[in-house]
Amino acid sequence: ESGAEYAETGIYDLLLLDVMMPGMNGYETARRLRAAPRADATAVPVLAMTADAFKEDVEKAAAAGMDGHIAKPIDPGTLYRALADHML
């Protein structure tokens with residue numbers, strides 16, 4: 001892929017990635033993002049959002065380059081804390 005489809009550098013403060021996405025799952029998306037040749041590829045926090053909430057799932061998210069894991073159904077307080085932890 002050429003990278004031409006990427007947004008301008010610095011546009012995103014944080015990414016929420018659903019693990020179960022069609023075409024490319026959230027783990028692969030995170031791995032590709034982290035390997036992208038751009039200045040913010042490793043700086044933008046990435047949080048997994050998934051109904052898979054076992055310890056192994058949290059570890060899998062971390063191994064893919066994600067900075068955190070939020071279990072579904074999403075609890076608003078948990079989401080707000082995760083956003084604050086990774087954006088401040």
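Here the simple spin-label model places points 7 Å from the Cα toward Cβ, and for Glu28 and Ala62 these points are separated by 2.5 nm.
Could you give the semi-axes, largest first, of the ellipsoid that matches the chain, computed as the square roots of 5 times the alpha carbon gyration tensor eigenvalues and rounded to whole Å?
Details: eigenvalues 95, 50, 24 Å².
Over the Cα atoms of the chain, the semi-axes work out to 22, 16, 11 Å.
Report the residues of the range 58-76 in range of a label on Arg38: point 7 Å along Cα→C-beta, backbone N strictly under 18 Å from it. What the label zone holds, given the 18 Å backbone N cut-off, is 65-67.
Starting from the Cα coordinates of the range 14-64, work out the convex hull volume and express it per residue in Å³. It would help to have the intermediate numbers written out before the result.
On the way: hull volume 3.5 nm³, N = 51.
Hull volume normalised by residue count: 69 Å³.
Only helices enter the 222 nm calculation for the chain: every DSSP H run of n ≥ 4 contributes -39,500 (n - 2.57), and dividing by all residues gives -10500 deg cm²/dmol, rounded to 500.
Here, each number is a calculation from the coordinates, and none is a lab measurement. Because the structure is a prediction, the values reported are computed rather than measured. Because the Cβ atoms are built from the backbone with ideal geometry, glycine has one as well, and the counts that use them run over all protein chains shown.
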